[in-house]
Structures are given as structure tokens and as C-alpha cells.
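This report refers to the structure that appears directly beneath it.
The values are calculated or read from the model by the stated rules, or taken from the named source; none is laboratory data. Bear in mind that the values here come from a model prediction, so they are computed numbers and not experimental data. Cβ: placed from backbone, ideal geometry, glycine included. Neighbour counts: every protein chain shown. Accessible surface areas use protein heavy atoms only, side chains included; no ligands, DNA or RNA. Shrake-Rupley method; radii C 1.70, N 1.55, O 1.52, S 1.80 Å.
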Amino acid sequence: MFERLIAGAGGASDGNVWMPPQSSTAAPAVDRLFYFIFWISAFFFALIVILAIVFVIRYRKRAGRVAPVEVPTHNTPLEIAWTVIPLLIVFVIFYLGFKIFLDVVTPPKNAYEVQVTAQRWKWMFTYPNGHVDENLHVPLDTPVLLVMTSEDVIHSFFVPDFRLKRDIVPGRYNKTWFRATQEGAHDLMCAEYCGTSHSTMLAQVVVHPPGGFEKWLAEASNFLAKLPPAEAGAQVFRTRGCAQCHSLDGKANVGPTMQAVFGSSVSTRDGKRLVADENYIRESIIDPQARIVAGFDPVMPTYKGRLKDEEITVLIAYIKTLSN
Amino acid sequence: MSDAAVGSGGAVLGTPPAGGNYLSHGHGLASWLFTLDHKRIGVLYLISILISFFLGGVFAMLIRTELLTPGRTLMGPDTYNRMFTLHGAIMIFLFIIPGVPGALGNFILPIMLGAKDVAFPKLNLASWWLYVIGSLFAILSMVLGGADTGWTFYTPYSVDSTSSVTALTFGAFILGFSSIFTGLNFIVTIHKLRPKGMTWFKMPLFLWSLYATAIIQILATPVLGITLLLLIVERAFGVGIFDPALGGDPVLFQHFFWFYSHPAVYIMILPAMGIMSELISTFSHRTIFGYRFIAYSSIAIAVISFLVWGHHMFVSGQSNLANMVFSFLTFLVAIPSAIKVFNWLATMYKGSITLETPMIYALMFLALFGIGGLTGLFLGALATDVHLSDTYFIVAHFHYTMMGGVVIAFLGGLHYWWPKMFGRMYSERWGQIAAWLLFVGFNLTFISQFLMGSKGMPRRYYTYLERFQPYHEASTIGGYIMAVAFIIMAVYLVDSLRRGRPAPANPWGSATLEWVCASPPPHDNFATTPQFTDPYDMRGLELDPKTGGYVRRAEA
Ligand SMILES: [Cu+2]
Ligand SMILES: [Cu+2]
């Protein structure tokens, strides 16, 4: 226990009393600083508490003790000392904090780039080949650069095992990077309050062993060919954020429910009625503003150019299955 | 017990004119609600902030109970989000900011100066009324379903939110004016109404701290007012200021907000530090050590506190240069607080220490505020802040400073001045029991939060990963222990009003002027302007066993 408490540097990759496992190149440096500050703090805390206790015991008013009449009212050299010494100490902490921070935030050249989109309450990771995933998959020991933006409010990308956090602000691209040192899954959380499901806006960072990442990416990008259309469609529906606005259980959300929508009779805002067939669903995805469903706002983003033709096809196949 | 007897504490000055103290001067509700007497306004503030504290505390207990288990325990996520927003907003805007200046400052400041009242009694009453009106808006917001933005109102969330954000922000806007009025009043009072002989460096340190606080109140609060107004305008008319969807900049809001809200933490802590100086010196029964360093450090805090707001935005995407500058300045602002702590410790050196309840709180402050301040070092340092920002480590850190610091000092001050305010002594034994219970509960609650925070538990989470549950359980149990402590406190304080031993004029042996005045003070405080004496010269003060109060031995 004690060993784990003080195990600031090295050998702490499975975590200790204070810190989660160290799984990125930044983590050991950050932890070393953490424990440096920790022991300085512990020293000053002990100093304050011990002095207070000693003084209370020693100078407690009691029968037989005559309190000195003349007591020191000030002592300028002493007071300057306890101004300057803490000042020097905090300068050191400041310097280390800034130096390590610079190392941590400055991405090396040729980092592998992944686009991150945060949306209430979902993560979307877009790989260079256009594949989109709900979890962040990365190769071991490779610098990964994240270019992040938000579709709505501010979120924050937080991976405790990597000691990494960066806000994701709508209307801007915030960047961050890391280099994972431990294989396996690491928790990724949203750290900036974003509403109802803020606390379940979670995902995993999956770190693949050498060679494993490329294999995963090739396979994952190939899901259209591998899975039956309806299943592939379900995956697109999930990973591309359709589920954020459309429920499957019959309840209206931001958009109408997808339950039994196919083949149903839809009334549009301008008073027309139509039957939702394949062409209508397709149009709803590519050009949502063309016909607005009565009772809803025209807020659905267009997916023209963002979804491949095959993806739209499997989406339609999936939506069809919801009408049985 | 007649009022005259209550006041006969053996004081040389200020023995009340037959049959009168400020409590019996004027009867009926209107004589309270429209009083111009700073003491009654202080009591009105005290009652109002304690009601707010109770309300904020109830929300805290609901939050802690909800977090006992992951997933749903009591309420759904939307209700939970409203709970923590209200807990934060009420505790900050309705309790801590107006707390010490409004309740204790109003009552004590003029008497400490030997004055009859503050410089602008009507402005003082107006400030309390603004407080009430602001609170009504906060209550209106609750009636309308409550806001769900967190007390920080971050955009663009707060622009989009359909919850009752406008009512709550408007309430905070009005409360800002209440705070400004109090600050204005205190500055003028301290400048104009000091007695002859009380030069700036002979002023009680509580007044220095209120003065430094008032400077921040006047200079920083308008920025919050404007910011909240802009937010309301954006919500009402869709003018793009902070919402990128309307062409605004959400991070700009954070700059504006923290430009006020960081100095605001010093609006909260500075008066608490002032109380500390009075308590430590009184109960060490010796003069304060390093008066000038303590006084100057209050002013240093007031000045530097304006330059550190960016440390709330280290992970917002702010430039590295800005991060560096704000980190540096943040470390600077730590120093004056450290100076004060060392000076308080040195004040105990060679003293004659007694451990009545207020002193217990003062000692607890040293430990708890010590932890609060030292954990700030982790957050001022850029590399560690990146990991700890927006986790429970932050939550624990600011509760150690705000509750372990401000609230503990406020309770110390309340117990210290209670006999003066109401003329009764409370049960010393129950006072000690409640204080220690609070101490245990507090540490259990928030040490658990440090531990889970650094392990990566984010704040404002309705549910959490299984592995954090033991910490949350401990934290909740600690919260319940604190609740018990506060209930005990409420009982013995109220009980003292009915059955407490009549308080002498100077029960603790303090040397500031309010203890020359009777307990409770007469309507006019002093029949004649009292003779100024050194506020920290305790020599010659001796306990009179007849009254239980201290009297100054006649000079030989
Ligand atoms: Cu979030
Ligand atoms: Cu701050």
C-alpha cells in the first residue's frame, strides 16, 4: 500500500492510490510532477499542522503558566524568508509544469491523424480512409494526432490513462495528440458538462499491438461487404449519429421515430401526404430540407457526400426492418 | 433576565441606556424589514444566508444520495443536473459571497470603528432588498423547473438550454448589485468613519480584509453583470455573442465569466481570512504577529486575483503563451495566502492559548485551508492540471477552500460574535462536539473526492463507472455526518437564544472596539465615541469570574 502511494515514478503502469495506470508517453512525466508537488505539499501541510499542535500544547493557558508579557510582534527577516522561500518553490513548480505541458501538447510531425467529432452524447472517429467508428482505435507506440470539433455544445476529450484532456469547442478545431504505451482498452470520457447524458458519453480507446491496427482498420472499413445489409445499416445508423435524433421505440425525439416509418403515410409541413418508400427515405437522408415532416424543425443535417451510396442503401435496408 | 442585566458586562463604555439594545429598539416586522440599523440589517442578512445555506445543503444531500450508487438512486439525470446547478448557484451567489460581509461585516464593521452606523444606511438596506429580490428570481427559476447549466452557465449550452436559465442569471445579475452596494458602503465607511487615532495600520485586520474584498466587489462584479446580461440578450433575441451557431465565440464567455468569478473566490476567502486574524489573536491572547504583512497580503491578493482568470481554461484551447502567463500569475497569488498562514501560526507562538469553539474552527481552518491551498499547486501547474481539470479533484479542491476555508471561518466568526449579536452564550460543549463532527464528516466527504478525481472521475456526472463506487459511498457518508453536525449546531444556537447564559460584553478577551460595547449592543452602539485603543493589545485584559467576561485592568 505504502509503496503504491509513493510509486510516483516508474513501475506504476497498473495505477496506484492516486493515479490510474500509465498508458501513454506523457503519463510518467505528468505523474512525476504530480508526486513532486505531492511531497512538497505534504511537507508544508505537516509543517503547518505540527506547528499548530505544538504551539497549542506548549502555549496553552493553564494554571501555573505565566504567559510572557513581551511577545514578538513581527520579525521582518523571518517574514521575508517565508515569502521568498515559497515563491522560489512555486517558481520551480511553475517551470516544470510548463515544460512538461509543452512536451505533452506539441505533436511530433508525421503523426497519424484522426478526426474527432463530438455530438451530444456520442463520439465519432473518422480515419484517413473515411471509415467512421464509435471507438478510437490506434496503433501502439505511434503518435496519433486528434483534430477535434463539436457539432453542438462544448465537450472535452478525456483519457485518464493517458493523462490527456482537451476541450472540444463548436466552431473551432482543437488539436491534441498522444502516443499509447499499453495495449488494450482505455476509458474515454466526456469531461465538459454537456447535458442529460454527459455521464454516459463514454467510449474506448483501443490500442492495437504492432500490425493489429492496420488489420482492424481494413476489416472495419469493409463491414459493408462483410455484414448482411440490415446489420451493416444498423451500424451506420449507430455510428453516424442518426440515433441521436431518431428513436427506435416509437417516441418522437428531435426527429420522428424510425419505428414503422417505412411504408407509413407521412404528412409534410406544407400539408401534403405521401407514402414513405425507398426514394423518400433516400431523399430524407441526402436532402432533408426538401420535404419537412409536419411537427418537426428542419434541423437534420444533410448527409450528401458524407455517406457513400452503399451506406445509404444499407441504411434503407435497416430502416425497412424496423417496420416489421 | 432583563435587557439591562444582559448588557452589564462590566464594560467601561457602552453600558446601554436603561432598557435598550438594538433588538428591543422598535417592534414589529416593519421595524426589521425597513430598518436602517446596520445591526438589524446584519441579522436580516444572517437569517437570509442561513436559509440559503440550508437550501443549498439540502440540494447537496440529494446529490450525494443520488451518487451513492451508479445509475438511478433517487432521480433521473435531468433532475440531477438541476440539483447540482442549484446547489452551486445558491451556495455561491446566495450564501458564500454575501455571507461574511453581509451578515458579520454589516454587524461588526461599524462597531469595530466605534461608529454609529455605516456611511450610507439606506444603501445598506437597499443592498439587502436587492439580495431578497435576486433570491426571488432564483426561486422563480426553481419554480419554473430549475436551470441545468451548472453555476458556470457555460455557452453555448446555456444559450440552447430550454431550462429556466434566464430567471437564474437575472437573479445573479441583481445579486451582483447587492454585492456592489455593500462593497461601496464599506469602502466609504472605512475611509470616513474611523475614530481618531485609528490610522490605516492600526485598523483591525478584519476591516483590512473587508476593504480588500470591497475593492474586488466593486471592480469585478460589473463584468459578471454585463456578461449575464449579454447571455440573456442572446437567449432572448438570438444575437450572436457566445454561440458559434449564431456567429459568437463560446470561449469568450469563459473569459468574461472567470474575469469575475476568479476574483470572486477572493471575495469569498478574504473576509474569512480577516476573521481568522481576529480569532487567532484573540484566542492566543496576544498581539497579532506581522500585522503589516497580513494587511499588505490582503491587498496583494485583491490585485493579483484580477490577473489569473485564465487558469480555468488551460484545456480550452487557449494559446500556450496565455497558458504560461496565467499559470505563472496563479502561482504568484498563492504567496500572500501562505504569508498569512505563517503569520497566524507565529501569532500562536508564546501566546496563552484557549480552545473555545471559535478557536477550534480557526485551527481547523489552518488544516483545511492548508489542504485547499496546497492542492491548488497541482492545478496551477499546467501539466498536472490537464489531467485533473474538470474531475472530482477540482471539486474537492474548491470545497477545501470554500467550505474548509470560508465556511469554517464563517462558523468560527459566527460563534465568536454570536454572544455580541444576541447577548447569549451557547453551549460550549455542544459547540465543540459539532465542530469536530463537522471536521470528520468534511474530510471523509472530500478526501474521497480527491482520490477518485485524480483517478479520473469527471465532475458533474450523474452516473459513473463501477470502480468509483467505494469513493462515492465514503463521500456520501461523510456528507451525512456533516448534516448531523449542522443540525446539532442549529439546535444549540437557537436554544441559546432562549436559555443561554447572558453574555458579558467581552467574553473572549478581545481588544477590538466591538467588545467594549455591551452585548447585545445598544441601538446607537456607543453613547459617546469610544477611545481608540490598539486592536491587538490584550495586555491588562483579565477574566472577571463574576460575569465570565474580560475587563481591562485599570492602568497602574
Ligand atoms: Cu459531456
Ligand atoms: Cu480561479
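Would you mind pulling out the separation of the Cα centroids of the range B:25-53 and the range A:163-177, in Å? When both Cα centres are located, 50 Å separates them.
With 5 Å bins beginning at zero, the pair-distance distribution over Cα atoms of the range A:112-220 amounts to 2, 13, 24, 28, 18, 10, 4, 0 %. Listed by chain and number, the lysines whose alpha-carbon sits under 17 Å from that of A:K61, ignoring those within fewer than 8 places in the same chain, are B:K350. According to the Kirkwood relation over distinct C-alpha pairs, the hydrodynamic radius of chain A is 24.2 Å.
For chain B, the longest principal axis of the Cα atoms and the long axis of helix B:291-304 meet at an angle of about 30 degrees. Helix A:309-321 axis versus longest C-alpha principal axis of chain A: approximately 80°, rounded to the nearest ten. Remark: mean inter-chain Cβ contacts per residue of A:46-52 equal 6, using a 10 Å Cβ-Cβ cutoff to other protein chain atoms.
Projecting the Cα positions of A:A243, A:T321, A:V299 onto the charge dipole of the range A:227-321 (unit charges on Cβ atoms of Lys, Arg, Asp and Glu, taken about the Cα centre) puts A:V299 furthest along the positive direction.
Here the simple spin-label model places points 7 Å from the Cα toward Cβ, and for A:K61 and A:K308 these points are separated by 8.5 nm. Cross-link partners of B:K340 among aspartates and glutamates, defined as those whose alpha carbon lies under 16 angstrom from its own and excluding same-chain residues fewer than eight positions apart: A:E79, B:E278.
For A:F36, the solvent-accessible surface computed with a 1.4 Å probe is close to 80 Å², ligands and nucleic acids excluded. What the range A:112-220 shows is 32 Å² of accessible area per residue, with the surface traced by a 1.4 Å probe over protein heavy atoms. Taking 8 Å as the Cα distance limit and 6 or more residues as the minimum spacing, I'd like the relative contact order of the range B:29-520 as a percentage. Reported relative contact order: 16 percent.
Ellipsoid semi-axes for the range A:227-321, based on the Cα gyration tensor and the rule √(5λ), read 20, 14, 13 Å when sorted largest first. Comparing B:S319, B:G500, B:V407 along the charge dipole axis of chain B, the residue lying farthest to the positive side is B:G500, per the Cβ-charge model.
Computed over the range B:29-520, the P(r) curve from all C-alpha pair distances, binned at 10 Å from the origin, holds 4, 20, 31, 29, 13, 3, 0 percent per bin. Rounded to whole Å, the principal axis extents of the Cα atoms in the protein assembly as shown read 104, 63, 41, largest first.
Over chain B, DSSP H runs of length four or greater, each weighted -39,500 (n - 2.57), average out per residue to a 222 nm ellipticity of -21000 deg cm²/dmol.
With viscosity 0.890 mPa s and temperature 25 °C, the Kirkwood radius over alpha carbon pairs of the range B:253-359 converts through Stokes-Einstein to a diffusion coefficient of 161 µm²/s.
Measuring how big the range A:142-275 is from its alpha-carbon positions, Rg and Dmax come out at 19.0, 59 Å. Across the accessible surface of the protein assembly as shown, with the other protein chains kept in place and a 1.4 Å probe, carbon and sulfur atoms take up 65 percent. In whole angstrom, note down how far apart the Cα centers of the range A:130-162 and the range B:446-492 are. Each part reduced to its Cα centre gives a spacing of 31 Å.
Which part of the range B:116-143 falls in the paramagnetic zone of B:V188, meaning amide N under 17 Å from the point 7 Å along Cα-to-beta-carbon? Under cut-off, by backbone N: B:116-130.
Among the residues of B:293-303, the average count of other protein chain beta-carbon atoms within 10 Å of the residue beta-carbon is 1. What are the lysines whose alpha-carbon lies under 22 Å from the alpha-carbon of A:K272, with same-chain residues fewer than 8 places away excluded? Cα-Cα hits under 22 Å: none found.
The Cα center of the range B:370-420 and the Cα center of the range A:189-266 differ in position by 42 Å.
Helices in chain A, meaning DSSP H runs of at least 4 residues, each add -39500 (n - 2.57). Divided by all residues, the mean residue ellipticity at 222 nm is -11500 deg cm²/dmol. Per residue, the accessible area of the range B:29-520 comes to 28 Å², computed with a 1.4 Å probe over protein heavy atoms only.
Remark: the range B:363-504 is approximated by an ellipsoid whose semi-axes, taken from the C-alpha gyration tensor as √(5λ), come to 35, 17, 9 Å, largest first. Working value for the range B:156-309: equivalent-ellipsoid semi-axes of 39, 15, 12 Å, each the square root of 5 times a Cα gyration tensor eigenvalue, largest first. In this structure, the pairs whose alpha-carbon distance is over 26 Å, taken from A:K226/A:K251; A:K109/A:K215; B:K122/B:K420; B:K116/B:K546; B:K39/B:K202; B:K122/B:K192, are A:K226/A:K251; B:K116/B:K546.
Between 0 and 90 degrees, rounded to the nearest ten: what's the tilt of helix B:250-284 against the longest Cα principal axis of chain B? Around 30 degrees separate the two axes.
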